[in-house]
Amino acid sequence: MAPRKLRMPSVRVLVPVAILAALVLVLVLVGVVGSAVTRGFHALTAQPPHVGTTIIAPAQAKAAAASRDLSGDEKDAATYLAEQPTAYWLTPEQDPIGTAGGTVLDLVSQARDQGRSAAFVVYGLPGRDCGNHSAGGLSEQDYPVWLGEIGKALDTAPEVQKILILEPDSIALSEECGNIGERARQLSTAVDELTTANTWIYLDGGHSNWLPAEKMADLIGQTGVIDRVRGFATNVSNYQASADEFTYAAALSQLLGGAHAIVDTSRNGTASSGGEWCNPPGQTVGEPSGTFHDDVVDTNLWIKPPGESDGTCNGGPAAGVYWPQAGVELTQGVR
């Protein structure tokens, strides 16, 4: 009898432990498979931007910060602009390595909480703007690190639609700067790092009053990445009429095998600047984000935040700094 008494407790202990281990294994497998299925579901059901796409008005908007210290018309204008759905510009000067990922996570969280999309402008490549008003950017060594941090943050939210405008002016300026080879390499790296679930990337497409469509298409083609992204963005930080941009986008798309487009309408309500791009007077905000589209243009967005200076020209402060007087002028008749 003694052996039985010793064996029975042993069996009673081992059976529950075995069952518990099996349950744990099942739960782990369910979690892994469930995560994979969820990501796959979001990848399969993800839709590109379209009419009605509503992006967030970032809490980090410079107009929002400026409005706290302004009064009168300047405060009203800044408050109005801060409330409008607008892209957020990721730059290494404002969001350096070590903080860029956290900024993206916060913006994606805002989009998730509001049931909206998040739009980003990635603007940090080496030799940015060829030394002009928006000169800066990262070194060749740091650029991939910065991009990787952004990409990892984007990848945490496959359920949120993310719209990326990749390096404005990088391709359109490459002819003037003679660096299309460098830009092709850098943009390829950027696409590698930023391609994540439900993320729609648009390359620099210039605008209708800059390079002819044939030249712009040739430069985009030389980057070798157009087949790996959604398409291109036009009129970024410019003032050309929407009708002209839609016509231009159609011509570019035909030359690029059917690539899609996004058009910046943040400051083209008047569209009277001609070829002047640096703080031209007399301009107003354009149609709100997500207002219209056609077979080529997925939709329009406010990409350049209205009120932020183009550079130290026509009385403006440094590029990217919120300029209260410009905010007032741009919002005439809409607030």
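At-a-glance table
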| quantity | calculated |
| --- | --- |
| Rounded to 10°, Cα long-axis angle of helix 100-114 versus longest principal axis of the chain | 90 degrees |
| Bins of 10 Å, starting at 0 and running to the largest distance - Cα pair percent for region 88-145 | 23, 45, 24, 8 |
| Rounded to 5, the percent of DSSP beta bridges in region 207-335 classed as antiparallel | 10 percent |
| DSSP bridge orientation in the chain - percent antiparallel, rounded to nearest 5 | 10 percent |
| Pairs of lysines in the chain (C-alpha under 19 Å apart; 8 or more residues apart or interchain) | 4 |
| Among Ala118, Ala233, Ala66, residue whose mean-square fluctuation peaks in a GNM of the chain (springs only between Cα atoms under 10 Å) | Ala66 |
| The chain: most fluctuating residue of Glu287, Glu83, Glu176 per GNM, C-alpha cutoff 10 Å | Glu176 |
| Length added when fully stretched, Asp113-Glu175, from 0.36 nm per residue minus Cα-Cα | 18.1 nm |
| Spatial extent of region 194-335: Rg and Dmax, with the Cα atoms as the point set, Å | 15.3, 44 |
| Length released on extending from Glu182 to Glu214, taking residue separation times 0.36 nm less the Cα-Cα span | 9.4 nm |
| Fewest-first ranking of His260, His207, using other Cβ atoms within 10 Å as the exposure measure | His260, His207 |
| 0 to 90° range, to nearest 10: angle between helix 213-223 axis and the chain longest Cα axis | 30 degrees |
| Amide H contacts of Thr265 (H built 1.01 Å from N, under 5 Å, at least 5 apart or other chain) | Leu301, Trp302, Ile303 |
| Using alpha-carbon coordinates, inclination of helix 72-82 to the longest axis of the chain, degrees | 50 degrees |
| For Phe120, distant residues with modelled amide H under 5 Å away | Tyr88, Ile163, Leu164, Ile165 |
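FYI, it's all coordinate maths here, none of it is from the lab. Owing to the predicted nature of the structure, the values given are computational and were not obtained by experimental measurement. Positions of Cβ are generated from backbone atoms using ideal geometry, with glycine treated the same way; all protein chains shown enter the neighbour counts.
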